[in-house]
Amino acid sequence: MSLLELGIEQGTARFVGLLALGLAGCSLPQNPARAPSAITGGDWPPVIGAWFWSPAVLEPDGFKPFLDSAATNSPYTLLSTSCRQIEVVDPALHDQVSKALRYAKPLGMEIALEVDIRLARQAFRAKHPEELQEELVLKMASFPMDGPADVVFQGRDTSDHMNGSLPKYECLTTRLVRVYSFVKGSDGIDPATVEEVLRAAGFDAQAMLALTQDAAVKEELKTVTQAAVERGIFGAPTFFVGNTMFWGQDRLDFVREALTD
């Protein structure tokens, strides 16, 4: 038997999935041959490099040395760009990125700025000082058939590679939300043991379990999964507003804005 523990950690930041673009760092090989621009079309894929901004890049025209060197000595056509010196919502960063974009374009390069919410946590806390941000943590615990097992659920140091020189964020409190039990064998989870979970979510447990064995339902799952792959969906939940894709529950504010534009 296993227990699935759902816990909430409250602290100064919400932690979200990040789609990181980057194959190489800032080491620029001496290779003057540049591929035709893939950003504007053609058969070439973009050549992606990672560009992590130092304080010097934030100085007036501080982006020019790197872009000039990249244009001369590397094949990069798309720079995945991250600044962990000031928060991503800072107007000074927006202004510098805009200037860098305009400078890079004639050099045959595009810039994709990293906008992870963790790079704006201090701004969020200043705007919503009474609102603690939360992380939902799932924890699996396996129990032997002949006895109990100890499970420890505790707050974590949530500092990570996203901090850079930004202030660290901390877990302030934790609480246990819910515990579900189920049985898992060599063929996977026994469906009969998840009825409690389904009922707690407001579903007709028997009807839902019957649908999992329905051949038509299985075929429909294959069809919609293939359609999702063809549309570029790589995770759940994913939302589309027109042809614009938003991935993750933490992006619902962006979905709302897109729907009202």
Answer residue from the stretch 149-195, given it is modelled with pLDDT of 75 or more, surrounded by 12 or more Cβ atoms within 10 Å (Cβ to Cβ) and polar (S, T, N, Q) and is farthest from the chain's Cα centre (by Cα) among those: THR193
Contacts under 6 angstrom Cβ, first residue in the stretch 67-94 being within 16 Å of ILE48 (Cα to Cα), partner hydroxyl-bearing (Ser, Thr, Tyr) and crowded, with 22+ Cβ neighbours inside 10 Å, 6 or more apart: ALA70/TYR76
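Given ASP95, ASP116, which one is surrounded by fewer than 13 Cβ atoms within 10 Å (Cβ to Cβ), among the charged types (D, E, K, R) and out of contact with any Pro (no Cβ under 8 Å at 6 or more places or on another chain)? Working first, answer last.
Values: ASP116 fails: surrounded by fewer than 13 Cβ atoms within 10 Å (Cβ to Cβ).
Checking each option against the conditions leaves just ASP95.
Take the residues in the stretch 39-69 that are among the aliphatic types (A, V, I, L, M) and either part of a loop (DSSP other than H, G, I, E, B) or more than 22 Å from VAL115 (Cα to Cα) (or both), then tell me which one is modelled with the lowest pLDDT.
Let us first name the residues in the stretch 39-69 that are among the aliphatic types (A, V, I, L, M), namely 39, 47-48, 50, 56-58, 67.
Those left that are additionally either part of a loop (DSSP other than H, G, I, E, B) or more than 22 Å from VAL115 (Cα to Cα) (or both): 39, 47.
Working: ILE39: 45, VAL47: 91.
My answer is ILE39.
Residue-wise test of (1) within 28 Å of PHE182 (Cα to Cα); (2) at pLDDT 90 or above.
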| position | (1), (2) |
| --- | --- |
| ALA200 | yes, no |
| LEU211 | yes, yes |
| ILE233 | no, yes |
| GLY248 | yes, no |
| ARG251 | no, no |
| ALA258 | no, yes |
Residue selected from the stretch 235-261 under the condition surrounded by 11 or more Cβ atoms within 10 Å (Cβ to Cβ) and assigned to a loop (DSSP other than H, G, I, E, B), by the criterion farthest from the chain's Cα centre (by Cα): PRO237
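The values are calculated or read from the model by the stated rules, or taken from the named source; none is laboratory data. Remember, it's a predicted structure, so these values are computed and weren't measured experimentally. With ideal geometry, Cβ positions are generated from the backbone for all residues, glycine too; neighbour counts draw on all protein chains shown.
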